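Accompanying notes for the structure given below.
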Ligand code: DX5
Ligand code: ZN
């Protein structure tokens, strides 16, 4: 099975976002990955709902919203209003994760749980049957262009085993430092969805890069 490709617009050209979205529309990208940061959960601020409202006007590709914010449940109505396909909340940001996952599903979106590099896969054992997807961070969240953390490969294998032994149907998404080389190894380890920012938008032929990742 070919992986799904979710380009992260964090690395797009914000002075001409429409041009980059048009490129993604023409490309083999499956989803558009949107990184929302609050300067509290992560040490950076990216963009918010006014920007994403413009993005969704320019594309029919499903929106994969990755909220790197505290209290993400407060923004379920706003994410829903965007027409988002998936809403990713961080395990580390939700005291009542089970409730948040149910609320996202009740709002009509696919719930995804994101784990930071230092959060063990085993912490997901009681929520894995309830989620559409797990997003494994392969860098510490907050910035594009960081170096891939090698231990992620082991975590993908562990997550694949947890999914198999619990009968969960969760997809495995990976985010951070994904390029042609790490992407191929992640897919071999069991990843279903590759997020990539700088590897795509920093490439002189981003469409070709998406094609390469798709054929990882
Ligand atoms: C990091 C974000 C990523 C980021 C990935 O906090 O969640 O989605 O855009 O960027 P690259 O692919 O450049 O590591
Ligand atoms: Zn992300």
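The values are calculated or read from the model by the stated rules, or taken from the named source; none is laboratory data. As the structure is a prediction and not an experimental result, all values here were calculated from the model. Because the Cβ atoms are built from the backbone with ideal geometry, glycine has one as well, and the counts that use them run over all protein chains shown.
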Can you find a residue in the range 95-108 that is closer than 19 Å to residue 170 by Cα, in contact (Cβ under 8 Å) with a residue 12 or more places away in the chain and under 14 Å from the mean Cα position of the chain (by Cα)? no
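Yes/no matrix, rows are residues, columns are (1) under 17 Å from residue 99 (Cα atoms); (2) more than 16 Å from ligand 1 (Cβ to nearest atom); (3) within 17 Å of the chain's Cα centre (by Cα):
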{"residue": "114", "(1), (2), (3)": "yes, no, yes"}
{"residue": "119", "(1), (2), (3)": "no, no, yes"}
{"residue": "126", "(1), (2), (3)": "yes, yes, no"}
{"residue": "129", "(1), (2), (3)": "yes, yes, no"}
{"residue": "135", "(1), (2), (3)": "no, no, yes"}
{"residue": "138", "(1), (2), (3)": "no, no, yes"}
{"residue": "143", "(1), (2), (3)": "no, no, yes"}
{"residue": "152", "(1), (2), (3)": "no, no, yes"}
Meets criteria (within 21 Å of residue 115 (Cβ to Cβ), away from ligand 1 (no atom under 12 Å from the Cβ), at pLDDT 95 or above and buried (at least 24 other Cβ atoms within 10 Å of the Cβ)) for residue 196
no
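Residue-wise test of (1) surrounded by 21 or more Cβ atoms within 10 Å (Cβ to Cβ); (2) farther than 23 Å from residue 80 by Cβ.
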residue	(1), (2)
5	yes, yes
39	no, yes
45	no, no
49	no, no
55	yes, no
With criteria (1) in contact (Cβ under 8 Å) with a residue 12 or more places away in the chain; (2) surrounded by fewer than 18 Cβ atoms within 10 Å (Cβ to Cβ), residue 79 comes up short on (2)
Going by the conditions given, is residue 114 within 16 Å of ligand 2 (Cβ to nearest atom) and in contact with a helix residue (DSSP H, G or I) (Cβ under 8 Å, 6 or more places away or on another chain)? yes
**OP:** Could you tell me whether residue 174 is buried (at least 19 other Cβ atoms within 10 Å of the Cβ) and under 18 Å from residue 69 (Cβ atoms)?
**Re:** no
